[in-house]
Amino acid sequence: QVQLVESGGGVVQAGGSLRLSCAASGRTFNITGMGWFRQAPGKEREFVAAIAWSREGRYYADSVKGRFTISRDNAKNTLYLQMNSLKPEDTAIYSCAAGRISTLTSIRNLYEYWGQGTQVTVSS
């Protein structure tokens, strides 16, 4: 099993920045890919970004490309999401996910492990 715990959410004004973290523990040697997803009230969970755990490779949703950056620190088993130029429509619960994935993907069902999520609220 792998446990994921997110942190770093909060309230920020439009145009501001936040950095989310996701600490992984447990059988982390199983992980080959990680990602961030978000879910706004009344909407389905949507893909934000993905990263390969032990090789180069990043993948972003069009809605965040150029504003968000996904990164990782393998030594700390931690995933990050740097969010700049935030917009009110970025308001959502952000969750990190991990799995034994052979390719960068936005498909939710391919991620085996999920965190509880952290709230991000962007005010206008």
Going through region 88-112 one residue at a time, which ones are more than 18 Å from PRO41 (Cβ to Cβ), in a helix (DSSP H, G or I) and of a type in the set (Asp, Glu)?
none
The one condition ASN74 fails out of (1) touching a residue at least 40 places away in the same chain (Cβ under 8 Å); (2) open to solvent by less than 80 Å² (accessible area, probe 1.4 Å); (3) more than 23 Å from GLY15 (Cβ to Cβ) is (1)
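Going by what's in this entry, would TYR80 be described as open to solvent by less than 60 Å² (accessible area, probe 1.4 Å) and not small (Gly, Ala, Ser)?
Working: open to solvent by less than 60 Å² (accessible area, probe 1.4 Å): yes; not small (Gly, Ala, Ser): yes.
Considered against the rule, which asks whether it is open to solvent by less than 60 Å² (accessible area, probe 1.4 Å) and not small (Gly, Ala, Ser), TYR80 comes out as yes.
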Top-ranked residue in region 9-46 [being among the aromatic types (Phe, Trp, Tyr) and in contact (Cβ under 8 Å) with a residue 60 or more places away in the chain; ranked as surrounded by the most Cβ atoms within 10 Å (Cβ to Cβ)]:
TRP36
For the structure I just gave you, tell me whether VAL2 is open to solvent by less than 60 Å² (accessible area, probe 1.4 Å) and either over 14 Å from VAL122 (Cα atoms) or among the acidic types (Asp, Glu) (or both).
yes
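The values are calculated or read from the model by the stated rules, or taken from the named source; none is laboratory data. All values derive from a computational prediction rather than experimental measurement. Glycine gets a Cβ as well: all are built from the backbone with ideal geometry, and neighbour counts include every protein chain shown. To get the accessible areas, we keep the full protein, side chains included, count just its heavy atoms, and leave off ligands, DNA and RNA. Shrake-Rupley method; radii C 1.70, N 1.55, O 1.52, S 1.80 Å.
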